[in-house]
1. Please report, as a whole percent, how much of the solvent-accessible surface of the range 213-332 comes from carbon and sulfur atoms (probe radius 1.4 Å).
2. What are the ³J(HN,Hα) values, in whole Hz, obtained from phi via the Karplus relation 6.51 cos²θ - 1.76 cosθ + 1.60 with θ = phi - 60°, for each residue of the range 322-332 in sequence order, with x given for Gly and Pro?
3. Based on the mean of other beta carbon atoms within 10 Å per residue, what is the order of 131-141, 14-24, most packed first?
4. Set the bar at 32 Å for Cα to Cα. Now go through LYS17/LYS200; LYS63/LYS245; LYS42/LYS103; LYS135/LYS245; LYS103/LYS279; LYS42/LYS200 and name every pair that lies beyond it.
5. Give me the number: length gained by fully extending ARG18 to THR177, i.e. 0.36 nm times residue separation minus the C-alpha to C-alpha distance, one decimal in nm.
6. Using unit Cβ charges (K, R positive; D, E negative) and no other charged atoms, how large, in debye to the nearest 20, is the dipole of the range 5-170 about its Cα centre?
7. If you build a Gaussian network model of the chain, linking Cα atoms that sit under 10 Å apart, which residue out of GLY164, GLY101, GLY321 swings the most?
8. Pop out the carbon and sulfur fraction of the accessible area of the range 43-163 as a percent, whole number, probe 1.4 Å.
Amino acid sequence: MTTSCIIRGLGHCVPEKRLTNADLERMCDTNDEWITTRTGIKERRIASAGETTVSLSHQAALKALANAGIAAEELTHILVATFTPDAYIPSAACMLADRLGIKGRTCMDISAACSGFLFAIETARAFVCLHPEAKILVTAADVVSSRVDYSDRSICVLFGDGAGAAVITGAGADFPTGSGRVLDVLLATDGSANDLLTVKGGGSGSPVKPGETVGRSFFVEMNGREVYKYAVRAMSGICQTMMAKHGLNNDQIDVFIPHQANMRIIDAVGSRMEMPAEKVFTNVQKYGNTSAASVIIALSEAREEGFVKDGDMVLLSTFGGGFTWGSALVRF
Ligand code: UT7
């Protein structure tokens, strides 16, 4: 039975519209200096009317399919990791299949907040064990702006929108140049921390009745300090566990791509792991925290820019609401 899978193609898509720190200064009581020193974020991309989790996923998917040299018709499964699907029913994955013009496939969404991409990759890894011929499209996408209250300065400066996609197959005999072999994935959750980072409104625990206006609970609520501390411990811990499991030290990791939540978290995780800064890929400065999309956009961009080269050992890590966190090891 195969236990690894291959990333054959990558792609990403972010909205055209930029929301800069200067724009935010005009929208709420904040300033560029605070945002830059606390988060490292300078701007983020925000969906325009008609741009949704499914439409951004679709654009990212077309790039990943072209990159993989695989036609949409060949896909057997579609997984979409998101906490901002276009609708509760149908799933974003079913809607994405329709946009791609395919029917009759196994399509489903994965809910793991900012860790969604790694939870989806692990699910894809399980699918290729059951179905070695599977060709799986994974997208991780969020239009976080649809759940951000832009009068809440503690939240609105942090997030942006975007999508990333990966085409996954089983680890059969061929390994086309440019592919990445997923060597391992570790995942973890802690539901007792659910109140620290949450969007409750509209769920069955906080239903909305016709005619009611939505309250603050409809938008992202977070205890930033507690999330920060937990995220640093969780991401560095699970990466160290992954490296110990495979007998790896920092010299054997070529590129580290942590969840792009903010620079202070990235720096703190890197420093706990004693990871040289030049091995750490970041793009949080220009996209903010794109939730589930963050790590896959970063991986796709790092590949495109040549930051991740053929032969590189790449360590990925995520952290999100739930709490959820994870780590993956990929050899390109
Ligand atoms: O996927 C995981 C997603 N979560 C995260 O990435 C969040 C992790 N947390 C963090 O990165 C940090 O906690 C934040 C960047 C969110 C906040 O930084 P902090 O150093 O923890 O600030 P704080 O929340 O303790 O607030 C410090 C001060 C407060 O003012 P007072 O009470 O000291 O007068 C806030 O009201 O900063 C104020 N503040 C702001 N000021 C200007 C909060 N947000 C802003 C803002 N602009 N946007």
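The values are calculated or read from the model by the stated rules, or taken from the named source; none is laboratory data. Keep in mind that this is a model prediction, so the values were computed, not measured. A quick note on method: Cβ atoms are made from the backbone with ideal geometry, for glycine too, and the neighbour counts reach across all protein chains shown. Accessible surface is based on the protein model in full, side chains and every heavy atom, while ligands, DNA and RNA are left aside. Shrake-Rupley method; radii C 1.70, N 1.55, O 1.52, S 1.80 Å.
1. 49
2. x, 5, 10, 7, x, 8, 9, 10, 10, 9, 8
3. Result, highest mean Cβ count within 10 Å first: 131-141, 14-24.
4. Violating the 32 Å limit, Cα to Cα: LYS63/LYS245; LYS42/LYS103; LYS103/LYS279.
5. Taking ARG18 through THR177 to full extension adds about 53.8 nm, to one decimal.
6. Computed charge dipole of the range 5-170: roughly 380 debye.
7. GLY101
8. Roughly 56 percent of what the probe reaches on the range 43-163 is carbon or sulfur.
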